[in-house]
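Asker: One structure is given below, represented as structure tokens, and several questions about it will come after.
Read-outs throughout are calculated quantities, based only on the coordinates presented, and are distinct from any laboratory measurement. Since the model is a prediction, treat every value here as computed from it, not as a measurement. Ideal geometry is used to build each Cβ from the backbone, glycine not excepted, and the neighbour counts take in all protein chains shown.
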Amino acid sequence: MLNDLFMDSDAAYPLDIPDGALYVYPAFFHADEADGYFQLLREQLAWSQSRIKVYGREYPVPRLSAWYADEGRSYGYSGLRSEGLSWLPVLLEIKARVEQACGEDFNSMLANLYRDGRDGVGWHADDEPELGENPIIASLSLGQPRTFQLKHRQDKSLKKSIQLPHGSLLIMGGELQHHWLHQLPKSQRPMGERINLTFRQLRV
Ligand code: MD6
Ligand code: FE
């Protein structure tokens, strides 16, 4: 279903990878629209730095985040469980555009703010049970273009590296979360801020 939708659109293109579906809209939002959203999200979201426990020691994660969801939804990630914040007008506006493009509804969104190249997110899959079997996750990138990498869990020769520009939308679906890990690596290069919104549909 995702396939048919995107084959018809010349704005989005599929990336040819086995064991999962991956689509990119390089310019989902035009630059001026993307600029406006970046500013609003930077100011309005309730950014905070989570801490994770690794072998009994606590560390701040290298990014700021904020988590929004429909009333009454809670979500566990990195050993934490939290209630989502209430949607803001700007988020509902963006969510509607993303839902229209995906042909899917989303009831939650995790926002990440990478302050500079020292912030990133390590190898992971978004395979929490709440997301269901083969989730569609839509990921909007604003601000500093950053590299997004994927590697296959079984076949170590399969790797993919893509640039996520300002205003781009990446859509993951199919069996991707079962067979691939993804990360946003840190970088030594001087870099500005990047905001990423990942829209999800929680099934429970
Ligand atoms: C990021 N994104 O782009 C981190 N997860 O900042 C993710 O971890 C991610 O972009 C699932 C689907 C799309 C993503
Ligand atoms: Fe992810």
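Asker: When the stretch 105-126 is examined, which residues are found to be more than 15 Å from Leu142 (Cβ to Cβ) and in contact with a helix residue (DSSP H, G or I) (Cβ under 8 Å, 6 or more places away or on another chain)?
Answerer: Scanning the stretch 105-126 gives Asp105, Phe106, Ala125, Asp126.
Asker: Taking the stretch 135-158 only, how many residues are in contact with a Gly (Cβ under 6 Å, 6 or more places away or on another chain) and either among the hydroxyl-bearing types (Ser, Thr, Tyr) or surrounded by fewer than 17 Cβ atoms within 10 Å (Cβ to Cβ) (or both)?
Answerer: 0
Asker: While we're on this one: Just to be sure I understand the filter: pairs with C-beta atoms under 8 Å, separated by 6 or more residues or on different chains, first member in the stretch 115-141 and over 20 Å from His152 (Cα atoms) and free of Cβ contacts under 8 Å to residues at least 12 places away in the same chain, second member among the polar types (S, T, N, Q) and assigned to a loop (DSSP other than H, G, I, E, B). Which pairs pass?
Answerer: Listed by first residue and then by second, the contacts come to nothing, as the list is empty.
Asker: Further question on the same structure: Give the stretch 128-150 a look and list any residue that's more than 13 Å from the chain's Cα centre (by Cα) and over 16 Å from Gln163 (Cα atoms), or say none.
Answerer: Residues satisfying the conditions are Glu128, Pro129, Glu130, Leu131, Gly132, Glu133, Asn134.
Asker: Now, a different point. Looking only at the stretch 124-146, which residues are of a type outside the set (D, E, K, R), within 10 Å of ligand 1 (Cβ to nearest atom) and assigned to a strand (DSSP E or B)?
Answerer: Of everything in the stretch 124-146, those that are of a type outside the set (D, E, K, R), within 10 Å of ligand 1 (Cβ to nearest atom) and assigned to a strand (DSSP E or B) turn out to be His124, Ile137, Ala138, Ser139, Leu140, Ser141.
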